[in-house]
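Below is one structure; the comments refer to it alone.
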Amino acid sequence: MAASGLPRKMTMTVSPDRIAVIGSSPFAVFLSGLLATGQTRDVALVRDPDAEGHLRDGIDLGFAPHIRPDTLSLLARLVPEAQRLLSRFPVPVIDRGDLLLGATGHPAREALAHMTHVAAGFGLPLEPMPGENPRRVRVRDVRRLRRAAFLAAGDGWLAARGVRQVHGRDLAGIGRDGSATIAGETYPLAILADDAAALVHGVEADLAKLGRFVPHATLLTEPVPPLAITPLALDLDSGAILRQRASGALQITGPFSGSALPAGFSDLIGQHPLRLAGRAEHMRFVSHDGAPVLGAPRRGRATVFLGLGPDALMFAPMLARWIAGAASEPEAQWCAAHGATRSARSPAVAEFAPVRAEA
Amino acid sequence: MLRLTGARPDELAHPLIDPARPIRFTLDGRAVRGFAGDTVLSALLASGIHTVGTREGHPVALTESFAPPVIHRGNHARPDLAVPMALCPAADGLDLVTLAPKRAPRGLARLPLPLRRRPPSLGIDLDALRTSFAPTAGLTPDRTLRADIAIVGGGLAGLSAAREAAERGLSAVLVEENQVLGGLARFFGRAEGDADPAPAIAELVAALKAAPNVTLLTATRATGVAPGRVDALGVALDETVPHPRRLAIRAERIVLATGSIEVLPVFPGNRLPGILLSSAAWSLARRFALWPGARTLIHSSANTAYRMALLAAECGMTVTQASDPRMAPQSRFIEFCKAYGFRLRRGTAIDSAAPSQAELSLTHRDAQTGRVEAEPEIVDGAFVSGGFLPDLALWAAAGGAILPHPEGYAAGSEGPDGIALAGAAAGFQSHTGAMESGRAAVARLLGETPPAPSDVLIDPVFETPQALPPASNPTAPDRPPAYFGAGPSLAAAAKTQPARKRLFRRPAPQTAPLDREPFALGLDDCIGKLASGDISADHFARLVAERCVPPTLLAVPLSPADQDEPPLAVPSFLQRRFGAGQQVWSLATADGRRLDPGALIYPNTDRATPRDAIGAVLGRDPDRGTLALLGPGHASGDTLHARDMAAGVAVTLGEKVRL
């Protein structure tokens, strides 16, 4: 065993030639293209057609508040790789900006303190801010996906890589053997690549020991004056992410209902009244130990990639390799340790989990 | 706009204004004249102020569905006291200001007012707008009314529902945004075999005014509906100070008789001053005797809008042409237009509109081939219509489903508890259908199964069904925006990028739609997006559910005050972080320095990354000093190296600690 407690060598043994990736998120799109090109698989992407102007249920960053050094170490290598791959899109899909991590309650402040030291140890540009409560850390120069541009260019990018795009209604189902049947054709490996896909295809019961789906909402407000400190903030207490859009509107995603936002954002927003301009509700998988869940559950059918967090996109190149059996040893170890067959609270991978799944 | 005088058809002959009682008030320091019976908005329009301001350098018309809120000058620091100008009665001595960013005057506009013409604009900088003109929903009500049934909409369906409730001995509160009851029934005209709307409205209103258990609230806008509750907004004048009158109506049963919304054809310049939706124009003419000008044209893909040509003729106004993108529309109204000798143009769409001096220049194109006509039509105003669809905005906001279909959309069969649709909102097209559906809605809410209302429909051979207006061409950067709807969202089609920029560099991604459309959308915006190809039918329902929301205020609770720190413990995210046998130790730094929680501990100064760390500081215990979590294999007195961000320090282990 390594010092981290991870098994030394575990690789994904399934490596079929035909793979169905099911999901509409940027992660699903990116993973499909990478499986088709980097790993030369015959890939079908099953997704509901997206449209510009919908409120999307998340944000894709090149950073997330991890505590485990293995994860941060991996991410340090994966972020430049993902950025290089994304730079091949016909339009710029990545921009950069500062991210503010904030913590108010004791558990979140404690977690922030630990992740700050670990991230700083890897040379990440973190800058603790003055003030004790909320405790805040600014992360400089975080990569951020321009989702609208990415998804708009995604069709052409996928087509150029030979990925077959299929509407969700054309998926006949997922078999007990983990295969997908699409318009009479069988794809031996089905990957449920986002929360919505996993929920639709009924893996909730299969994953009950590892976590559960928690209601989340994305709110859009009318424009407000520029936020104090940064236009992008993550509230560790709740896991909510706040982003000020180019128009000045705030887009907030988190595990809340009703019209009350997390208290951690209060002094960022100030006294300006926030008027609702849009609202979308969705479910998000939250693991009991706060760590991602990868692979096929013990009694499950399809392979799942869930709970990856705001930096999910950065893991796509590695997960494509893992699926194809081409991951490096450290990568394979990391994936195996985060496998969907692990115990309910795996001490080797546990992260800070803002939304306790059993709450 | 001008005031109609002289002979008029009966439906326009009894406006609310009293020309014998002129009034005068000020808005943003400018004198406005009107008549008793005017609203602030109608007085502004009658005074020649037809523009709200500019967006992307182009004027945007002042209309009842797009007007800035106004507030008494002394209350300008209390935006919660602002009121919609379309609901605010005009009165002598009002001293009002608009609450919106103003564009700084440039050039001659900086001259003092006596030396220049007053602009026909409120001067609002719509590019800088941060709060939409839609009133905030969900605020604490000033008054709560309770009734057995609440009815939203005072057209034939709503009035019939109220009467049905009254006859059953139920208490009812009806809210109607307009100053008069009856809705658009008379505008739609009467088909053979259908009920005559004018006497029906008169009889219903008389009966309801006499009913002791019915409250009729006109000039009151429903701003939100949820099971058991209707929120509404009116305006009360306290001498010369307007105040919002926020009502909450508690009722177990709610009838939504919200009528129809008229679709705005999407073309560049479709919200320039002078361009009016036909129903809005009719309503202004009916209540305030306002007409957009002596020379107008009509452009419609629905038959009802042709009535404006007939009414114009009866008022002595000129209509230069009536264009229709449909190839062979048939309608009794079109036959009447032929009899009047109007110039009718089929298969013709509006390509764009542009201001022309004080007039309006409209360019047409062939709806099939797209060929643009060389000669624009110069008019004072234009009545436009892209057809009528059920007004389901409140239904959707209450959680009701909306299902798209090729001609538009309809309400889903499942709705929120205790809420029923009636009239045009429920898809009924005739006056008979509206009235019967109003009564049936009350019966359904009471748990009965009434017979299906009968709708008097005309054979499509005689009345060509309306069509959603054809998709507009992409908007060039120099043209005025092509708005999707007529309301406060200002959502508009994306403009094309100049081609030359692409020669030299990768194209920049277009502004994301959520940034182009930062305000809540209206249902008309969504149908405009659908009609113009901006979204597909697959996305319509989701867009409505996500973006057609009442602009409620979001609460941001203050951060909780500092709480007592709980006793130190090993958090779950550090389980087995340093191996299976990790233990808690007390430690001390060589120089007495305090270490922050999370500071990493290494065996020596050589180790480089946190993967090599053998421990981490947990925090400070009041009795035992600094405590750290360490992997196995250490002993009291060991010297290790702690790294607290950039600073390194030697530490000495004390004793093992059990937490």
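The values are calculated or read from the model by the stated rules, or taken from the named source; none is laboratory data. The shown structure was predicted, so the numbers you read here are calculated from the model rather than taken from an experiment. As a convention, Cβ positions derive from the backbone with ideal geometry for all residues, glycine included, and neighbour counts pool all protein chains shown. Just so you know, the surface numbers come from the protein's heavy atoms only, side chains and all, with ligands and any DNA or RNA stripped out. Shrake-Rupley method; radii C 1.70, N 1.55, O 1.52, S 1.80 Å.
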Problem set entry | Subset of the stretch A:220-269 (residues that are at the interface with chain B (Cβ under 9 Å from one of its Cβ atoms), in a loop (DSSP other than H, G, I, E, B) and open to solvent by 10 Å² or more (accessible area, probe 1.4 Å)) | A:PRO225, A:ARG245, A:ALA246, A:SER247, A:GLY258, A:SER259, A:PRO262
For this session: Return a yes/no flag: does the stretch A:290-301 have any residue that is closer than 29 Å to A:ASN133 by Cβ, β-branched (Val, Ile, Thr) and either in a loop (DSSP other than H, G, I, E, B) or in contact with a Gly (Cβ under 8 Å, 6 or more places away or on another chain) (or both).
Result: no
Exercise. Within the stretch B:370-390, is there a residue that is among the aliphatic types (A, V, I, L, M), open to solvent by 20 Å² or more (accessible area, probe 1.4 Å), within 29 Å of B:SER160 (Cα to Cα) and in contact with a helix residue (DSSP H, G or I) (Cβ under 9 Å, 6 or more places away or on another chain)?
Worked result: no
Exercise. Just checking, which of B:THR218, B:THR223 is among the polar types (S, T, N, Q) and open to solvent by 30 Å² or more (accessible area, probe 1.4 Å)?
Worked result: B:THR218
Problem set entry | Complete set of residues in the stretch B:537-549 that are more than 7 Å from every other protein chain (Cβ to nearest Cβ) and not β-branched (Val, Ile, Thr) | B:ALA537, B:PHE540, B:ALA541, B:ALA545, B:CYS548
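Look at B:ALA569 and say whether it is open to solvent by 20 Å² or more (accessible area, probe 1.4 Å), modelled with pLDDT of 85 or more, closer than 30 Å to B:PRO406 by Cα and more than 7 Å from every other protein chain (Cβ to nearest Cβ).
Working: open to solvent by 20 Å² or more (accessible area, probe 1.4 Å): yes; modelled with pLDDT of 85 or more: yes; closer than 30 Å to B:PRO406 by Cα: no; more than 7 Å from every other protein chain (Cβ to nearest Cβ): yes.
So B:ALA569 does not fit the description; no.
The rows are residues; the columns are (1) modelled with pLDDT under 95; (2) in contact with a Cys (Cβ under 6 Å, 6 or more places away or on another chain); (3) open to solvent by less than 30 Å² (accessible area, probe 1.4 Å).
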{"residue": "A:GLU281", "(1), (2), (3)": "yes, no, no"}
{"residue": "A:SER287", "(1), (2), (3)": "yes, no, yes"}
{"residue": "A:ALA291", "(1), (2), (3)": "yes, no, yes"}
{"residue": "A:ARG299", "(1), (2), (3)": "yes, no, no"}
{"residue": "A:ALA316", "(1), (2), (3)": "no, no, yes"}
{"residue": "A:GLY325", "(1), (2), (3)": "yes, no, no"}
{"residue": "A:ALA337", "(1), (2), (3)": "yes, no, yes"}
{"residue": "A:ALA348", "(1), (2), (3)": "yes, no, yes"}
Exercise. Hey, any hits in the stretch B:587-602 for a residue that's within 10 Å of chain A (Cβ to nearest Cβ), under 30 Å from A:GLY121 (Cβ atoms), surrounded by fewer than 20 Cβ atoms within 10 Å (Cβ to Cβ) and touching a residue at least 40 places away in the same chain (Cβ under 8 Å)?
Worked result: yes
Exercise. For the stretch A:87-121, what are the residues that are hydrophobic (A, V, I, L, M, F, W, C), facing chain B (nearest Cβ under 7 Å) and within 15 Å of A:LEU234 (Cβ to Cβ)?
Worked result: A:ALA111
For this session: For the stretch B:140-193, please list each of the strands (runs of 3 or more DSSP E) lying entirely inside it that holds at least 2 residues being open to solvent by less than 10 Å² (accessible area, probe 1.4 Å).
Result: B:149-152, B:172-175
For this session: From (1) within 25 Å of the chain's Cα centre (by Cα); (2) open to solvent by 10 Å² or more (accessible area, probe 1.4 Å); (3) over 24 Å from B:SER437 (Cβ atoms), pick out the condition that doesn't hold for B:ILE261.
Result: (3)
Seminar exercise, completed: Only unsatisfied item for A:ARG275, checking (1) open to solvent by less than 10 Å² (accessible area, probe 1.4 Å); (2) in contact with a Pro (Cβ under 7 Å, 6 or more places away or on another chain), is (1)
Exercise. Is the stretch B:191-203 home to any residue that is of a type in the set (Val, Ile, Thr) and closer than 24 Å to B:LEU310 by Cβ?
Worked result: yes
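Inspect the stretch A:261-284 for any residue being closer than 23 Å to A:ASP70 by Cβ and aromatic (Phe, Trp, Tyr) and give the result as yes or no.
Of the stretch A:261-284, the ones closer than 23 Å to A:ASP70 by Cβ are none.
No, the stretch A:261-284 contains no residue that is closer than 23 Å to A:ASP70 by Cβ and aromatic (Phe, Trp, Tyr).
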Exercise. Out of curiosity, is B:LEU233 surrounded by 24 or more Cβ atoms within 10 Å (Cβ to Cβ), hydrophobic (A, V, I, L, M, F, W, C) and under 30 Å from B:HIS76 (Cα atoms)?
Worked result: yes
Exercise. For residues in the stretch B:603-624 being in a strand (DSSP E or B) and either within 13 Å of another protein chain (Cβ to nearest Cβ) or loosely packed, with under 15 Cβ neighbours inside 10 Å (or both), which is farthest from the chain's Cα centre (by Cα)?
Worked result: B:GLY615
Exercise. Given A:GLY178, A:GLY202, which one is open to solvent by less than 20 Å² (accessible area, probe 1.4 Å), in a loop (DSSP other than H, G, I, E, B) and farther than 21 Å from A:LEU101 by Cβ?
Worked result: A:GLY178
For this session: Mind listing whichever residues of the stretch B:625-635 are assigned to a loop (DSSP other than H, G, I, E, B) and either on the phi < 0 side of the Ramachandran plot or surrounded by 24 or more Cβ atoms within 10 Å (Cβ to Cβ) (or both)?
Result: B:GLY631, B:PRO632, B:HIS634, B:ALA635
Exercise. Got a sec? Which strands (runs of 3 or more DSSP E) wholly within the stretch B:265-339 have at least 1 residues that are farther than 27 Å from B:GLN179 by Cβ?
Worked result: B:295-300, B:318-324
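Quick grid of which residues meet (1) at pLDDT 90 or above; (2) farther than 30 Å from B:GLU655 by Cβ; (3) open to solvent by less than 20 Å² (accessible area, probe 1.4 Å):
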residue: B:GLU517; (1), (2), (3): yes, yes, yes
residue: B:CYS526; (1), (2), (3): yes, yes, yes
residue: B:PHE540; (1), (2), (3): no, yes, yes
residue: B:GLY581; (1), (2), (3): no, no, no
